[in-house]
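See below for the structure under consideration.
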Amino acid sequence: MAFNVQRIHPLDLQPRKAVGVSIPFSNRSVFNLTYTTQEALKSNLINFCLTDKNERFLNPDFGAGIRALLFENAVQDKVEEIDIILRSGIATWFPDVIILDLQVAITPDSNTVTVYIKYTVSQTNIQDQVVINFQQ
């Protein structure tokens with residue numbers, strides 16, 4: 001009888017130790033701490049999607065650069081371009097993340113781009129989703 005062994009990240013074994021900070025920064029003390037790798041990974045994916053190229057000091061290649069595309073005409077080609085950018089960027093910066101579903105919806109009337117990413121992390125039981133709205 002075969003079974004799938006799931007690994008637990010070592011950081012998750014110490015429940016009272018913070019792993020990172022979550023986004024958005026909206027707490028009274030500015031930073032909301034994350035205590036599991038699932039929460040930290042979700043915040044890191046949001047941070048990646050909201051960061052433009054050359055924005056991060058000493059790491060100019062980090063970021064998806066989606067906001068720069070909002071000032072161009074919203075056509076179906078942009079959906080495919082954003083899809084390719086996100087898939088290649090996540091594969092580069094988050095190699096353990098497996099994208100299960102990625103949807104990009106453009107609303108030209110309000111200059112809004114909505115990105116939905118459903119993902120899992122290889123060899124763990126982490127499965128989550130992220131929805132990000134970009135507005136001009």
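The values are calculated or read from the model by the stated rules, or taken from the named source; none is laboratory data. Note that the structure is predicted; figures quoted are calculated from it, not measured. Every residue, glycine as well, gets a Cβ built from its backbone with ideal geometry; the counts of neighbours run over all protein chains shown.
Some points to look at:
- The lone exception for Tyr116 - which of (1) under 28 Å from Leu33 (Cβ atoms); (2) in contact with a Phe, Trp or Tyr (Cβ under 7 Å, 6 or more places away or on another chain) it fails: (2)
So that you can scan it fast, the table gives a plain yes or no per residue for (1) small (Gly, Ala, Ser); (2) more than 24 Å from Ser22 (Cα to Cα):
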residue: Ser43; (1), (2): yes, no
residue: Cys49; (1), (2): no, no
residue: Lys53; (1), (2): no, no
residue: Asn59; (1), (2): no, no
residue: Ala64; (1), (2): yes, no
residue: Ile84; (1), (2): no, yes
residue: Ser88; (1), (2): yes, no
residue: Thr92; (1), (2): no, no
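- Test: Ile106 is more than 16 Å from Val130 (Cα to Cα), in contact with a strand residue (DSSP E or B) (Cβ under 7 Å, 6 or more places away or on another chain) and not charged (D, E, K, R): yes
- Residue identified as in a helix (DSSP H, G or I), free of Cβ contacts under 8 Å to residues at least 12 places away in the same chain and either touching a Pro at 6+ places or on another chain (Cβ under 6 Å) or of a type outside the set (Val, Ile, Thr) (or both) among Glu39, Glu55, Glu80: Glu80
Yes/no matrix, rows are residues, columns are (1) hydroxyl-bearing (Ser, Thr, Tyr); (2) surrounded by 14 or more Cβ atoms within 10 Å (Cβ to Cβ); (3) in contact (Cβ under 8 Å) with a residue 60 or more places away in the chain; (4) at positive phi:
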position	(1), (2), (3), (4)
Asn44	no, yes, no, no
Asn47	no, yes, no, no
Asn59	no, no, no, no
Leu70	no, yes, yes, no
Thr92	yes, no, no, no
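- Flag if Ile99 is over 25 Å from Gly20 (Cβ atoms) and aliphatic (A, V, I, L, M): no
- Residue that is surrounded by the fewest Cβ atoms within 10 Å (Cβ to Cβ) [pool: residues in segment 100-113 that are modelled with pLDDT under 90 and not small (Gly, Ala, Ser)]: Asp109
- Matching entry among Arg7, Arg87 (being of a type in the set (Lys, Arg), modelled with pLDDT under 90 and either touching a Ser or Thr at 6+ places or on another chain (Cβ under 6 Å) or under 20 Å from Asp128 (Cα atoms) (or both)): Arg7
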